[in-house]
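Student: Here's a structure for you.
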């Protein structure tokens, strides 16, 4: 039983950390309808940025603060230089463009900085937290809390003046223009915010498994989270990430030995497939109505 | 120039509808065909087998995918999985004692059946969600292949392709394998060219442009979506088997990962969605340009003009590949096929470039 609870708790925390990756996804999709398949690579890039700033001699927290600024600028730039030119193009072009960015970043980061994993030390002690007979990794605990805080912050953010503008933009580009909202700037800001969430994810995942190209593989569970929760729903990220995390921890915990490993990817794939077949727009997503 | 449109007057529908109505095009196709047939004489075995052969096979794969993505408009990010199904079925069928010709057919059928299941998702969703669904299926198929020992021969295993014959010619020599690949890519090319000018092709295009509107004018959308998935998966499966037998001569799960799927989509997009000549150009571009540019960088490095570490050199193909995709999408979203088309149209009316065609 305690094995089950341990899987459950760690799964929920891992899930919340997937939520960090998924949050950037939702921020961008909500404002511009673009699916950013480069989000995984942006997290990797954020990890490298923090590592480099630490190497220069900054303390970790200062590095993260400066990293926030840099990744916000990176998000703005990516939108300005790449995505803005693709407005009105078919969805496959946009998807492929972000994939191209992903491939490029995966080459640049490890290429210039070395392929071996880089350690980010957040100063969190390695000893696990023990509650009853359940062992919880401290970094996971902090990651989970940060994820919850960020999700709550995004919920609040969408109630501010700027957040309301972003919601208007996500509703309809033309009517936003007509009431004087700069759609371009709103979309740019949403990319910048995705860069911010990438720093949080990069710092935490980087300290858990080291910074190397495998960080970009967070994309896959993040996709499962957003598909399940709904591509344009912040609440969906919370619920989706918990479900994906728990299922992706409990099921492999029992089945991996029987099936020969790797069942986590299967669970993730099945979550995507089942959601798409039953309720494509996810639990909290908004259903698009299509006209000829 | 040699492209002359003047003096060509078709008086019958059959003449106007033929595949290459302009003599210059026919000449071009003839010369290319002759070159392709003479390639074993013209090129050294190294170039034939490590550049020309994979190019032809990946062109066949890109053509199969462009039938689905370009003509029928169904996005597919798991095409490598379909090819893997074909490759594994082909090898197991030949091992079970079937002749190679029938094994190819069987490989295509198995891939088509499973590929049509992929297509079931297309009946429910489209666009973005279809991308995600096919992506998930890619991971599922990969996992099944790796973790079912009957298929993969055990984890981390490599299945050697058994020696076999095609139309009584043993596939032991590189030249024989080259001709099998050539035959297959010619077959796929002709099939695609003909699909594009038939009723089926026009129905698929209607489904691509707007499926509801297609339904309104009496096209059975469900049927044609499934037809697109079935046909393209069949072609993809046979291509996978040809790839396993003629190029790799062995099969491992690593040959058909998600990255290969992305590469195939990149070939289709760089070539131009739905363009046949584009599939040839796109496959060549995506396969060869990173190699050529990397060789160039290595050369500069050896000459001492650059100072790149081995680690950087090993990542340069990835960067070039990413930049290629981004560059093409930003600068010429319609791909190499469109560039070829522009040049051809310019030459057709040269020197009167303002007459419209």
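Student: Only helices (runs of 4 or more DSSP H) wholly contained in region A:56-167 count here; list those with 2 or more residues that are within 14 Å of chain B (Cβ to nearest Cβ) and in contact with a helix residue (DSSP H, G or I) (Cβ under 8 Å, 6 or more places away or on another chain).
Tutor: On the way: elements: A:60-81, A:91-113, A:138-157.
Per the criteria, A:60-81, A:91-113.
Student: Shifting gears a bit: Being crowded, with 19+ Cβ neighbours inside 10 Å and within 18 Å of residue A:186 (Cα to Cα): is that true of residue A:82 here?
Tutor: Considered against the rule, which asks whether it is crowded, with 19+ Cβ neighbours inside 10 Å and within 18 Å of residue A:186 (Cα to Cα), residue A:82 comes out as yes.
Student: Additional query: With the structure loaded, tell me whether residue B:212 is part of a helix (DSSP H, G or I) and at pLDDT below 90 or whether it fails that test.
Tutor: Yes; evaluated as a whole, the condition is true for this residue.
Student: Right, another one. Looking at (1) over 18 Å from the mean Cα position of the chain (by Cα); (2) facing chain B (nearest Cβ under 9 Å), find the lone condition where residue A:268 falls short.
Tutor: Among (1) over 18 Å from the mean Cα position of the chain (by Cα); (2) facing chain B (nearest Cβ under 9 Å), residue A:268 violates only (1).
Student: Does at least one position in region B:310-332 carry a residue that is in contact (Cβ under 8 Å) with a residue 40 or more places away in the chain, part of a helix (DSSP H, G or I) and more than 14 Å from chain A (Cβ to nearest Cβ)?
Tutor: no
Student: Regarding residue B:207, is this residue within 14 Å of chain A (Cβ to nearest Cβ), buried (at least 24 other Cβ atoms within 10 Å of the Cβ) and more than 26 Å from residue B:143 (Cα to Cα)?
Tutor: In short, yes.
Student: Then there is this: Of all the residues that make up region B:21-44, how many are without any contact (Cβ under 8 Å) to a residue 40 or more places away in the chain and not in a helix (DSSP H, G or I)?
Tutor: Residues that pass the stated criteria total 3.
Student: Can you give me the number of residues within region A:168-204 that are touching a residue at least 12 places away in the same chain (Cβ under 8 Å) and touching a helix residue (DSSP H, G or I) at 6+ places or on another chain (Cβ under 6 Å)?
Tutor: Residues flagged as touching a residue at least 12 places away in the same chain (Cβ under 8 Å) and touching a helix residue (DSSP H, G or I) at 6+ places or on another chain (Cβ under 6 Å) within region A:168-204 amount to 23.
Student: Out of everything in region B:38-50 that is under 17 Å from residue B:184 (Cα atoms) and surrounded by 12 or more Cβ atoms within 10 Å (Cβ to Cβ), what residue ends up being farthest from the chain's Cα centre (by Cα)? Full working, then the answer.
Tutor: Initial filter on region B:38-50 (under 17 Å from residue B:184 (Cα atoms)): B:38-40, B:48-49.
Those left that are additionally surrounded by 12 or more Cβ atoms within 10 Å (Cβ to Cβ): B:39-40, B:48-49.
Values: B:39: 20, B:40: 22, B:48: 18, B:49: 18 Å.
So, considering only residues that are under 17 Å from residue B:184 (Cα atoms) and surrounded by 12 or more Cβ atoms within 10 Å (Cβ to Cβ), the one farthest from the chain's Cα centre (by Cα) is B:40.
Student: Does region B:287-309 contain any residue that is under 24 Å from residue B:65 (Cα atoms), in a loop (DSSP other than H, G, I, E, B) and within 14 Å of another protein chain (Cβ to nearest Cβ)? First the steps, then the outcome.
Tutor: Going residue by residue through region B:287-309, those that are under 24 Å from residue B:65 (Cα atoms) are B:287-291.
If we keep only those that are in a loop (DSSP other than H, G, I, E, B) as well, we get none.
For region B:287-309, residues under 24 Å from residue B:65 (Cα atoms), in a loop (DSSP other than H, G, I, E, B) and within 14 Å of another protein chain (Cβ to nearest Cβ): absent.
Student: What helices (runs of 4 or more DSSP H) lie completely within region B:80-171 and have 3 or more residues being away from every other protein chain (no Cβ under 14 Å) and either surrounded by 14 or more Cβ atoms within 10 Å (Cβ to Cβ) or more than 22 Å from the chain's Cα centre (by Cα) (or both)?
Tutor: B:100-124
Student: A follow-up question, please. Can you tell me which residue in region B:5-20 is farthest from residue B:195 (Cα to Cα), limited to those that are free of Cβ contacts under 8 Å to residues at least 24 places away in the same chain and within 25 Å of the chain's Cα centre (by Cα)? Spell out how you get there, then give the answer.
Tutor: First, the residues of region B:5-20 that are free of Cβ contacts under 8 Å to residues at least 24 places away in the same chain: B:6-16, B:18, B:20.
Adding the requirement that they be within 25 Å of the chain's Cα centre (by Cα) leaves B:18, B:20.
Values: B:18: 13, B:20: 15 Å.
Residue satisfying both the conditions and the ranking: B:20.
Student: Considering (1) in contact with a strand residue (DSSP E or B) (Cβ under 7 Å, 6 or more places away or on another chain); (2) without any contact (Cβ under 8 Å) to a residue 40 or more places away in the chain, say which one residue B:97 fails and leave the rest.
Tutor: Tallying (1) in contact with a strand residue (DSSP E or B) (Cβ under 7 Å, 6 or more places away or on another chain); (2) without any contact (Cβ under 8 Å) to a residue 40 or more places away in the chain, residue B:97 fails exactly one: (1).
The values are calculated or read from the model by the stated rules, or taken from the named source; none is laboratory data. Predicted, not measured: the structure shown is a model, and the values here were computed from it. With ideal geometry, Cβ positions are generated from the backbone for all residues, glycine too; neighbour counts draw on all protein chains shown.
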